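Here is the structure we will look at, set down as structure tokens.
Computed from the coordinates by the stated procedures, all read-outs in this text should not be read as laboratory data. None of these values were measured; they are calculated from a predicted model. Note: ideal-geometry Cβ built from the backbone for every residue, glycine included; neighbour counts use all protein chains shown.
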Amino acid sequence: MTAGSSIAAFVVGAGVSLVTSWVLVSRLERVGERLGLSEALLGLVAALAADAPEVTASVTALAHHQRGIGAGVTIGSNVFNLAALLGLGAVVAGRIGLHRKVVVLGGTVALMIAAVCLLAVAGTIGAGTGLALVLVVLVPYTVLLGARRSTIERARLPGRWSSWLTQAVAEEETELEEAIRPRRGRPVDAVVALGALAVVVVASVAMERGASTLGVRYGIAEIVVGGLVLAAVTSLPNAVAAVYLARRGRGAAALSTALNSNAINVTAGLLLPATIVGLSKPSAPGLLVAGWYLGLTAVTLLLAYAFRGLHRSAGWTIIALYVLFIAALLVAV
């Protein structure tokens, strides 16, 4: 692949991915409305679909034995997600309103997964062990998002736990009071969403191959290609999804999209393929990216909890920390 064709593949893939992602998330929102999904579950579905570029790019890189790019795409995307999905979302929307129980419920899972990611990148635990730990947390959480009150009560948890979880799930729904509800979806919306998802996957493969070829040609470090360039570009669908949801007043879904996107990236984009091909050896740049992911997650959740949501000033703070991350990574390599 020549330099010209690599640039063309990267640019066209990025453009197609961005345009198609708007169609994807809007149709998914309609389908979710028809199915009666909770706000957090809607965010998970949107994140799962919009994560196709990150996961596909990471797996493609790992398949070509470019482990630095693969890990960089996954973890770098998570740092970018916090800045673009929640930081930019708060700046554009003015405020992403959230109940504290919603922040604690999703945030606890997010912090645990970020911590496992850091331990795996540092070589403290193996990829298989990390995957098992993530699934132990993520599977029950996903079930909880779609559970009804009666289901939670039948779980026979301690009384205070059951009451708290029931309130946390219920508070996600109260945030719909001022939201603009989408129209109920039709079968054609599901078909369009699947078609859009396929286009996004193909575009992400083109982006990854184009960026990787250019990185090798011009001697750019794999962690920079993956952790900055591909991480940002492949996360555009998620950024579109979160801004779209935030502007429509769907705060819980915006938070869920961001946090669950990161969880899916770590699970499907990093730990699952790494159990087969392995992770790259621990390095200072890799540890910096993973550590920043954990730290920025903690800061974002602290701001959201303290102010019952993210105001525009908090959004700018998160974005500023991402800019600092870019500078720190460039210095580290």
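What is the fewest-to-most order of Ile125, Ile75, Ile276 by other Cβ atoms lying within 10 Å of their Cβ?
Ile276, Ile125, Ile75
Please order Ser212, Ser261 by the number of other Cβ within 10 Å, starting at the fewest.
So the ranking, lowest neighbour count to highest, is Ser212, Ser261.
Highest first, please rank the peptides 111-121, 299-309 by the mean number of other Cβ atoms sitting within 10 Å of their residues.
Ranked by mean Cβ neighbours within 10 Å, highest first: 111-121, 299-309.
Among 92-101, 191-200, how do they line up by average Cβ neighbours within 10 Å per residue, starting with the highest?
92-101, 191-200
Only counting other Cβ atoms within 10 Å, I'd like Asp189, Asp51 sorted with the fewest neighbours first.
So the ranking, lowest neighbour count to highest, is Asp189, Asp51.
So if we plug the beta-carbon distance of Arg217 and Arg308 into 1/(1 + (r/R0)^6) with R0 = 35 Å, what FRET efficiency do we get, rounded to 0.05?
Efficiency at R0 = 35 Å is approximately 0.10.
Quick one: net charge of Thr234's neighbours, Cβ under 12 Å, K/R +1, D/E -1?
Around Thr234, the charge tally is -3.
State whether the range 252-333 is rounded, prolate or oblate according to the following rule on the C-alpha gyration tensor (a ≥ b ≥ c being the square roots of its eigenvalues): a/c under 1.5 gives rounded; otherwise a/b larger than b/c gives prolate, and the remaining case gives oblate.
oblate
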